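Beneath this line is the structure, given in structure tokens, with notes to follow.
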Amino acid sequence: MELIYAQDNLNLGQMAARWVARELLICPDLVLGLPTGSTPIGMYQSLTRLCQEGIISFTKARTFNLDEYVGLAADHPQSYAFYMREHFWSKVDLQVENEDIPRGDVANLDEECQRYDAAIQKAGGIGVQILGLGPNGHIGFNEPSNNMEIHTHVVNLSTETIQANTRFFSDSAAVPRQAVTMGVGSIMQAQKILLLVSGESKKDILTKSFYGPVSTAVPSSILQLHTDLTVITDIKL
Ligand code: F6R
């Protein structure tokens, strides 16, 4: 694991964007796995700037998002598809047909999960997976539980995740109780993983993730087993 310290959240976004830009320059048809949430917003802003300045291009790249809320259509302002369009997809030169995210508003979610895994496979798997870290150690929406799901699946969100994500909704009752998430298999099969962790409130979970035992109770601890992991954080461990 390579641990890179950023001075603050702004610096973290810039460093993450430069890291991704380097990967994209080496491999223009990169398959990227992408997160939403507050942590990567600065990275998306910096990547947008690099793209608009003509330094990098996403025209040959493909992207797969980690997750989506069940029940929210892509035009719902709190959906992750909406977030991606607002922060990234509409700002860079990525081809629409190369953006993918699980749909949470379809009648047959099992079929959607299978479609998503097949699309990732067809693209050759994820080249670079970017992750945020949930307050309970979730990666994507793989929540603490007794087992780890390998494939894309529907998950019941934990009380802690619902509480943490209430800040994006009018109140906690409005937060969807389920999500579709990429499984731990697709994440761990990525050639490289970049984990972004920001804010003192995540110090404990970051410490548990990398200095505690590998355990399904802390899903992020599985990342200890990945052979090409970079962590960029503004938390001093
Ligand atoms: C979002 C995702 C989640 C977030 C995590 C951290 O697509 O997969 O695992 O990365 O909940 O969210 P923030 O960055 O808002 O603290």
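Before moving on, here are some points about what is shown:
- Phe210 exposes around 30 Å² of accessible area when a 1.4 Å probe is run over every protein chain in place.
- Percent antiparallel among DSSP beta bridges (both partners in the chain, rounded to 5): 30
- Residue order for Leu25, Leu195 - accessible surface, 1.4 angstrom probe, largest first: Leu25, Leu195
- Modelled FRET efficiency - R0 22 Å, Ala74 with Phe169, Cβ distances, 0.05 increments: 0.85
- Ordered from highest to lowest accessible area with the whole protein assembly present and a 1.4 Å probe, Asp204, Asp67 read as Asp204, Asp67.
- Using θ = phi - 60° and Karplus 6.51 cos²θ - 1.76 cosθ + 1.60, couplings along region 174-181 (whole Hz; Gly, Pro as x): 7, 6, x, 8, 10, 9, 9, 9
- Exposure rank, largest accessible area first [Glu2, Glu143; 1.4 Å]: Glu2, Glu143
- Pairs exceeding a 28 Å alpha-carbon distance, out of Lys60/Lys202; Lys60/Lys208; Lys60/Lys192; Lys122/Lys236; Lys122/Lys208: Lys60/Lys202; Lys60/Lys208; Lys122/Lys236; Lys122/Lys208.
- Probe 1.4 Å - accessible area at Val155, Å² to nearest ten: 20
- Charge dipole magnitude, Cβ of K and R +1, D and E -1 - region 1-126, Cα centre, debye nearest 20: 440
- Cβ charges +1 (Lys, Arg) and -1 (Asp, Glu), total dipole of region 184-237, debye: 40
- Its Cα centre serving as origin, the chain has a Cβ charge dipole (Lys and Arg +1, Asp and Glu -1) of approximately 520 debye.
- Remark: relative contact order (the chain) = 25 percent; criterion is Cα-Cα distance under 8 angstrom and separation of 6 or more residues.
- Region 104-179-region 1-70 distance, computed between alpha-carbon centres (Å): 20
- Here r is the Cβ-Cβ distance between Cys27 and Ser201 and R0 is 30 Å; the resulting FRET efficiency, rounded to 0.05, is 0.30.
The values are calculated or read from the model by the stated rules, or taken from the named source; none is laboratory data. Since the structure is predicted, the reported quantities are computational estimates derived from the model, not experimental observations. Ideal geometry is used to build each Cβ from the backbone, glycine not excepted, and the neighbour counts take in all protein chains shown. Protein only, heavy atoms only, side chains kept; ligands, DNA and RNA dropped before computing areas. Shrake-Rupley method; radii C 1.70, N 1.55, O 1.52, S 1.80 Å.
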